[in-house]
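Everything on this sheet refers to the single structure shown next.
The values are calculated or read from the model by the stated rules, or taken from the named source; none is laboratory data. Since this is a predicted model, take the numbers as computed values, not measurements. Virtual Cβ from ideal backbone geometry, glycine too; neighbours counted across all protein chains shown. Heads up: the accessible areas ignore ligands, DNA and RNA and are worked out on the full protein's heavy atoms, side chains in. Shrake-Rupley method; radii C 1.70, N 1.55, O 1.52, S 1.80 Å.
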Amino acid sequence: MIRVAWYRTRATFGRGWSGLLALVLLIGLVGGLAMGVIAGARRTQSSFPAFLASTNPSDLGFVGISGQSDLVGKIAHLPHIKQARNFALLNAGPIRPDGSPTKAALGGISLGSIDGLGFDQDRLTATQGRLADPKRADEVMLSGGTGYPGVHLGDVVEVGVFTGKQTELPGFGTARVQPKRRLDVTVVGLVKFNNEIVQDDIDANGQRDLIFTPAFSRDLVSCCSFGLYGGYQLDRGARAVPRVEGEIEGALPPDTPYYVHVTAVFEAQAERAIKPESIALGVFGAITGLALLLIAGQVIGRRLRSGADDLDVLRALGASPTTTMADGLIGVITAVVTGSLLAVVVAASLSPLAPIGAARSVYPSVGIAFDWTVLGAGLAILVVGLSAIAVATAYRQAPGRIARRRRPNASRPSNVARAAAGSGLPVASVTGVRFALESGRSRNAAPVRSAMLGAALAIVVVTGTLTFGASLRTLVSHPALYGWNWDLEMVTQNGGGNIPDAAATRVLSGDSDVASWSGFYFDSIRLDGQTVPILGGRPGARIEPPLLSGHALEASNQVVLGATTLAQLHKHVGDTVEASYGSSTPTPVRIVGTATMPAVGPASQLHLSMGTGALVDYKRIPASVLGVNGDNSFAPNAYFVRLRPGADPVAARQALKRTVAKLGDGNLSVLSVQRPAEIVNYRSMGTIPALLGTALAVGAVVALALTLVASVRRRRRELALLKTLGFTHRQLAAVVAWQSSVAVAIGTVIGMPIGIVVGRGLWYLFAHELHVVPEATVPALTLLFVAVAALVLANLVAAIPGRQAARTPTALVLSSE
């Protein structure tokens with residue numbers, strides 16, 4: 001049996017090699033694209049942890065200022081500290097020729113590495129230029145946001161260093177107080193800290209830092225610094241963080257605010273920010289892989305059915321059912337295996353394109369990578385899945401089943417074709433409708449169901465992709481969906497000061513563009529031992545982040561959480577958690593809802609982000625931290641402002657900025673939408689989503705075209721007979737056009753609703769993973785264009801075989817009968 005099948009495979013290879021090659025290329029290119037994109041999604045998702053590990057990161061960081069500097073050194077001797085490195089917060093910065101510090105120097109931050117922090121631990125990443133030589137005092141690096149205007153890479157800058165006592169003198173900031181030390185330094189690099197790679201708008205707009213080398217800083221710590229930042233590596237990594245954080249709290253006076261940098265928290269935030277693009281890539285890859293299985297299945301089916309004539313001869317010669325099944329399978333399965341191996345090569349060759357997004361520029365090993373989990377699973381799915389399709393199709397071609405399918409009247413007339421005939425349509429139109437809906441009989445049967453299924457599949461792929469893409473664009477362009485359901489934010493510099501409620505109410509109530517507002521504090525509390533950033537506001541506030549479940553904050557013993565925070569606490573809505581501030585006694589609060597948390601809070605510190613944070617009664621923050629001058633009056637860090645309908649946001653912001661300037665000393669800002677890192681990171685992808693969507697759409701269109709061509713070509717005998725009966729070239733072209741148009745129209749009617757359901761379903765899953773308001777968008781006009789374009793494509797594709805049929809001599813086609 002195998003010898004006969006192998007002999008026939010070799011004997012017929014010359015006339016069938018082009019079809020097998022097309023199958024190999026289809027599986028190799030499309031399958032390779034699907035596996036490559038899924039592997040790229042996994043590489044993208046793991047890109048930030050891989051980068052972070054390459055910087056030798058600290059597990060915990062502590063900022064010690066205002067009398068807490070000594071604690072930085074004490075932390076280094078705690079039991080779980082494996083290694084400690086430090087930055088000094090220096091009174092240093094660019095100075096004018098007369099020795100006075102520049103305005104940027106007064107507002108910026110200067111960090112001096114004391115013992116290698118930034119060089120061998122928490123290594124900085126140079127985005128331009130290079131890292132400074134730690135042994136040279138005349139080299140400096142620049143990091144952060146938009147501070148130090150006019151200072152550029154390669155500039156030589158004169159810096160001055162001041163003692164702590166000098167900064168307290170009345171004349172500090174003028175030429176009357178000269179620096180203790182002056183030195184020319186060269187800006188050799190623009191760098192980023194390992195927590196600055198994936199940022200939201202809040203952190204990205206933070207102040208810029210000057211970073212000095214240990215050779216510059218080591219001798220200035222005792223005289224010229226106002227604090228220390230300690231970076232600590234722990235013996236048990238992130239697992240020891242809660243223990244060490246608790247020991248830090250115990251060493252501080254009760255209710256003392258402090259700032260701890262937990263690397264695992266920022267790593268998780270970065271991974272969540274990257275998650276949307278990796279999920280989108282995974283969705284694209286999965287759709288591509290599914291489309292390949294369906295399209296390749298159709299190609300395999302057509303390939304095996306094309307040998308139906310040879311099966312009659314084999315049956316007449318006494319071939320067994322097993323032999324007839326094996327006939328053609330050897331070539332097809334060989335093509336499947338070859339194409340699958342080619343897909344692995346294509347996927348590996350695409351790997352240098354990943355990761356995508358913000359982490360790509362700092363990824364430590366961009367190049368060819370072999371994700372054997374994806375490549376192995378993809379190879380198995382392609383080989384096993386497509387081989388199973390081939391075997392099933394060959395089984396349907398078994399002699400007994402073929403005979404049953406060839407019984408007289410096996411193909412019933414179509415009621416639609418009968419109705420078309422009775423409607424008075426031209427004979428060419430009626431014939432085209434019949435060709436589209438009736439498969440015919442015997443070995444001349446045309447794959448009408450295959451044509452309609454191929455059209456429906458193409459429409460499903462395109463419609464689903466467009467619906468998902470439109471929903472993603474809606475999310476990016478509608479801030480209310482990702483938590484910013486107000487228009488403006490009036491906030492103190494870096495979110496750390498207070499705005500007296502009476503003054504803010506006077507200003508906002510007098511603005512005709514303002515409809516409502518609510519004030520909030522930025523801080524953090526501990527819930528069940530975990531430090532969580534919070535919005536502290538009044539229960540029942542008119543403006544709050546949009547709810548996903550439960551109800552809004554109504555009482556002091558309640559809390560509304562971000563969905564990610566809820567999951568991290570392993571709680572559900574209705575459960576109770578223990579809330580504490582600093583070293584205060586924990587008190588129970590009930591979780592009453594989840595919300596889409598906005599990106600708000602102080603820059604470069606733990607603050608709310610998409611899915612992370614809590615909304616609590618502001619009175620849970622100790623009175624010593626609230627208000628102005630230590631009293632307990634309501635004086636929040638920010639006001640969220642909602643404009644009246646129809647107000648011009650740009651003009652309203654400018655007007656409010658001019659008004660709030662009268663409230664204080666210029667410490668207030670009016671901000672428009674602050675995007676979370678997920679949205680910022682998605683926008684950094686540029687045109688990649690559009691290119692992937694276009695590639696998938698092109699693949700679906702090509703598959704549709706091949707299906708239509710194959711369907712029309714199977715009608716060559718009928719077309720030849722029509723030509724013999726007197727059909728003109730124009731009538732033959734009309735028959736083919738109607739055949740293709742009807743098949744595509746039916747496929748569109750079936751496929752478009754399914755595609756919308758698939759696209760919306762994928763979007764809801766995506767939005768749930770992202771913890772945003774799940775609002776799907778169906779691009780009706782675009783889908784209408786797709787439907788029209790599909791019909792146009794059907795006619796364009798049909799024109800080629802239609803012209804060939806019209807020009808082919810009738811005797812040549814009928815000579816095989």
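Observations on the structure shown:
- Qualifying residues in the stretch 311-334 (those that are among the polar types (S, T, N, Q) and surrounded by fewer than 18 Cβ atoms within 10 Å (Cβ to Cβ)) - the one modelled with the lowest pLDDT: SER320
- Residue check for GLY164: more than 30 Å from GLU245 (Cα to Cα) and in contact (Cβ under 8 Å) with a residue 60 or more places away in the chain: no
- Of all residues in the stretch 335-377 being hydroxyl-bearing (Ser, Thr, Tyr), open to solvent by 40 Å² or more (accessible area, probe 1.4 Å) and in a helix (DSSP H, G or I), the one that is nearest to ARG123 (Cα to Cα): SER361
- Scope the stretch 561-598; condition closer than 21 Å to GLU544 by Cβ, in a strand (DSSP E or B) and not β-branched (Val, Ile, Thr); matching residues: LEU561, GLY562, ALA579, ARG590, GLY593, ALA595
- Output for the stretch 351-373, where each listed residue is within 30 Å of GLY297 (Cβ to Cβ) and within 19 Å of the chain's Cα centre (by Cα): SER351, LEU353, ALA354
- Within the stretch 512-556, the residues that satisfy the criterion of being in contact with an Asp or Glu (Cβ under 8 Å, 6 or more places away or on another chain), surrounded by fewer than 19 Cβ atoms within 10 Å (Cβ to Cβ) and of a type in the set (S, T, N, Q) are THR531, SER556.
- Hey, LEU566 at negative phi, open to solvent by 10 Å² or more (accessible area, probe 1.4 Å), of a type in the set (A, V, I, L, M) and under 25 Å from the mean Cα position of the chain (by Cα) or not: yes
- Only one of VAL140, VAL161, VAL187, VAL156 that is over 25 Å from VAL262 (Cβ atoms), open to solvent by 30 Å² or more (accessible area, probe 1.4 Å) and among the β-branched types (Val, Ile, Thr): VAL156
- Scanning the stretch 460-504 for residues that are surrounded by 22 or more Cβ atoms within 10 Å (Cβ to Cβ), over 17 Å from GLU769 (Cα atoms) and hydroxyl-bearing (Ser, Thr, Tyr) yields a count of 3.
- Out of ASN637, ASN632, sole residue that is over 29 Å from the mean Cα position of the chain (by Cα), within 30 Å of VAL577 (Cβ to Cβ) and at pLDDT below 70: ASN632
- If you go through the stretch 584-611 and keep only what is open to solvent by 20 Å² or more (accessible area, probe 1.4 Å), more than 24 Å from GLY250 (Cβ to Cβ) and free of Cβ contacts under 8 Å to residues at least 60 places away in the same chain, you end up with just ARG590.
- Contact annotation: residue pairs with Cβ atoms under 8 Å, 6 or more positions apart or on different chains, pairing a residue in the stretch 525-542 that is over 20 Å from MET610 (Cβ atoms) and in contact (Cβ under 8 Å) with a residue 60 or more places away in the chain with a partner that is small (Gly, Ala, Ser) and open to solvent by 40 Å² or more (accessible area, probe 1.4 Å), are PRO539/SER556.
- Taken over the stretch 42-51, residues that are hydrophobic (A, V, I, L, M, F, W, C) and in contact with a helix residue (DSSP H, G or I) (Cβ under 6 Å, 6 or more places away or on another chain) amount to 2.
- Single unsatisfied condition, ARG526 versus (1) part of a strand (DSSP E or B); (2) among the charged types (D, E, K, R); (3) more than 25 Å from GLU769 (Cα to Cα): (3)
- Taken as a whole, the condition of being in a helix (DSSP H, G or I), farther than 19 Å from VAL430 by Cβ and modelled with pLDDT of 70 or more applies to LEU762.
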